[in-house]
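Note sheet for the following structure.
The values are calculated or read from the model by the stated rules, or taken from the named source; none is laboratory data. Being a predicted model, the structure only gives us computed values, none of them experimental. Cβ sites come from the backbone with ideal geometry, for glycine too, and all protein chains shown count toward neighbours.
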Amino acid sequence: MDLDQKKFFIFDLDGVLVDSTRLSCQKVELILERLGLPSIPRSFLIKHWGMKMSDMFNLIGKEIGASQGEIKTMNEMEPQVSLELPYIFPRENFEALLSLRLLEYYVGLLTSRSNASLQQVMTQTGMPSSLFHKVQTTDHWPHHKPSGRAFGPFANWAAAHGFRPEHMVYFGDTISQDLRATQNYEWPIDFVGVVSGVNTREEFLDAGVQLCRIIDFADLPNFLYKIMRQKTEIQSKLKTKVKI
Ligand SMILES: [Mg+2]
């Protein structure tokens, strides 16, 4: 199914709507530095990026030999250190999502952030939660990416609005979490890979994503406008036919 026939556009937050990968790596490095703990290679962070932050801190703690108490402090410091970094929700992304809504597409957000963490980044970047028809954090549902069941509530929501899982498409920046989740759902969900610091174009290709469904972070708005143009062109052609 072509992307212009989709009805429900669901986005990951980090690395897709907000170019946060590099900043979030810096955040982890700052926390370790302030706790006087050993540093961790960027490659380690990138390899595991996209999972819940608390799981990430457990993994980092294990890797560098931090105590349970230190891991707890990492989690506690995270929201404050996050505020020190310049996360930005580009105006172009905001306008493209708004345009999707105006063209009567549904817009969803599926993130591995907690409620509190999402709230914080939304306040920080001026992203209104009303931009989305449905938002799901790790607090809303017990199943998280890369489990396919993370998409269960979205599929139910879609069914309640009269369409099917094949009308959904997910935009994600990681193979291990985002792409896998779409593949692990009972009906595979369409996927667009966003290249923003975790996985490269080549890695998405190797993982089976079509070239036409791999974009750079900065290309997201134009990619969405192209889909919207296709839809409006089809609609106007249909109208012309009806008139004849
Ligand atoms: Mg992400």
**OP:** Looking at (1) assigned by TED's automatic domain parsing to the domain that holds I227; (2) more than 23 Å from L109 (Cα to Cα), find the lone condition where E29 falls short.
**Re:** (1)
Subject >> Restricting the range 205-244 to residues that are small (G, A, S) and either outside the structural domain of I175 (by TED's automatic domain parsing) or outside any helix (DSSP H, G or I) (or both), the residue that is surrounded by the most Cβ atoms within 10 Å (Cβ to Cβ) >> reply: A207
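Would you be able to say whether some residue in the range 48-69 is touching a Gly at 6+ places or on another chain (Cβ under 7 Å) and of a type outside the set (K, R)? Write out each step before concluding.
Residues of the range 48-69 that are touching a Gly at 6+ places or on another chain (Cβ under 7 Å), as a first pass: none.
No - not one qualifying residue is present in the range 48-69.
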**OP:** Report, by residue number, each residue of the range 38-66 that is within 15 Å of the ligand (Cβ to nearest atom) and not in a loop (DSSP other than H, G, I, E, B).
**Re:** L45, I46, K47, H48, M53, D55, M56
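Being hydrophobic (A, V, I, L, M, F, W, C), surrounded by 14 or more Cβ atoms within 10 Å (Cβ to Cβ) and more than 16 Å from the ligand (Cβ to nearest atom) is the filter here, so list the residues in the range 104-128 that pass it. So that I can check it myself, show each step before the final result.
Narrowing the range 104-128 to residues hydrophobic (A, V, I, L, M, F, W, C): 107, 109-110, 116, 118, 121-122, 127.
Subsequent filtering for residues that are surrounded by 14 or more Cβ atoms within 10 Å (Cβ to Cβ) retains 107, 109-110, 118, 121-122, 127.
Correct list: V107 only.
Of all residues being out of contact with any strand residue (DSSP E or B) (no Cβ under 7 Å at 6 or more places or on another chain) and surrounded by fewer than 12 Cβ atoms within 10 Å (Cβ to Cβ) in the range 129-147, which is modelled with the lowest pLDDT? Just the residue, please. Write out each step before concluding.
Step one: list which residues in the range 129-147 are out of contact with any strand residue (DSSP E or B) (no Cβ under 7 Å at 6 or more places or on another chain), which gives 130, 137-147.
Now restrict to residues that are surrounded by fewer than 12 Cβ atoms within 10 Å (Cβ to Cβ): 130, 142.
Details: S130: 97, P142: 91.
Filtering the range 129-147 for residues that are out of contact with any strand residue (DSSP E or B) (no Cβ under 7 Å at 6 or more places or on another chain) and surrounded by fewer than 12 Cβ atoms within 10 Å (Cβ to Cβ), the one modelled with the lowest pLDDT comes out as P142.
Matching residues to (1) within 19 Å of L100 (Cβ to Cβ); (2) more than 15 Å from the chain's Cα centre (by Cα):
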residue: R149; (1), (2): no, yes
residue: F154; (1), (2): yes, no
residue: G162; (1), (2): yes, yes
residue: S176; (1), (2): no, no
residue: V195; (1), (2): no, no
residue: I214; (1), (2): no, no
Original post:
Does the range 182-217 hold any residues that are within 24 Å of S43 (Cβ to Cβ) and touching a residue at least 60 places away in the same chain (Cβ under 8 Å), and which are they?
Top reply: V194, S196, G197, V198, F217
Original post:
Could you say whether any residue in the range 82-96 is over 18 Å from S20 (Cα atoms), crowded, with 18+ Cβ neighbours inside 10 Å and either modelled with pLDDT of 95 or more or not assigned by TED's automatic domain parsing to the domain that holds K231 (or both)?
Top reply: yes
Original post:
Restricting the search to the range 1-37, which residues are assigned to a loop (DSSP other than H, G, I, E, B), in contact with a helix residue (DSSP H, G or I) (Cβ under 6 Å, 6 or more places away or on another chain) and within 15 Å of the ligand (Cβ to nearest atom)?
Top reply: D12, G15, L17, D19
Subject >> Members of the range 126-146 found to be hydroxyl-bearing (S, T, Y) and closer than 14 Å to F11 by Cβ, listed by number >> reply: S129, T137
